[in-house]
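The values are calculated or read from the model by the stated rules, or taken from the named source; none is laboratory data. Only a predicted model underlies this, so the values are computations on that prediction, with no experimental measurement involved. As a convention, Cβ positions derive from the backbone with ideal geometry for all residues, glycine included, and neighbour counts pool all protein chains shown.
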Amino acid sequence: MRSDGSPENIPAESWTTQQLAEFLSLVSSFTEEGDAVLGGVERAAEALDTEVVALVREGRVDASIGFPAGAQPADELVAAAAEPRFEREPLGATRPEPTP
């Protein structure tokens, strides 16, 4: 394995293609739309190595992970999705004070 996690015998530029194929295979394996949406959100979080992901479409949050049950900040997620460039601190996160 290379340092980016891709196998030695697959060119680096093809690894992204392989990940996309796996993602599409996973999403298309579900028979219910809601299950496919949630499965896609979970896989996206895994691929991005993050704990919080939300799918926002048509002004509403269709699926999210990483928030406590019933505590999804829907208004903030919808507002963030409308931004041309997402630059926000993680919800509830605190920034460490700089050291002198």
Do the conditions hold for residue 20, that is, is it exposed (fewer than 12 other Cβ atoms within 10 Å of the Cβ), at pLDDT below 90, on the phi < 0 side of the Ramachandran plot and part of a helix (DSSP H, G or I)? yes
Scan region 33-69 residue by residue and report those that are of a type in the set (Val, Ile, Thr) and in a loop (DSSP other than H, G, I, E, B). 50, 52
Give me the pairs, please: first residue somewhere in region 15-40 and more than 22 Å from residue 57 (Cα to Cα) and without any contact (Cβ under 8 Å) to a residue 60 or more places away in the chain, second residue anywhere and of a type in the set (A, V, I, L, M, F, W, C) and assigned to a helix (DSSP H, G or I), beta-carbon distance under 8 Å, and either six or more positions apart or on two chains. 19/47
Checking the structure you have, find out if any residue of region 58-75 is touching a strand residue (DSSP E or B) at 6+ places or on another chain (Cβ under 8 Å), of a type in the set (Ser, Thr, Tyr) and modelled with pLDDT of 75 or more. yes
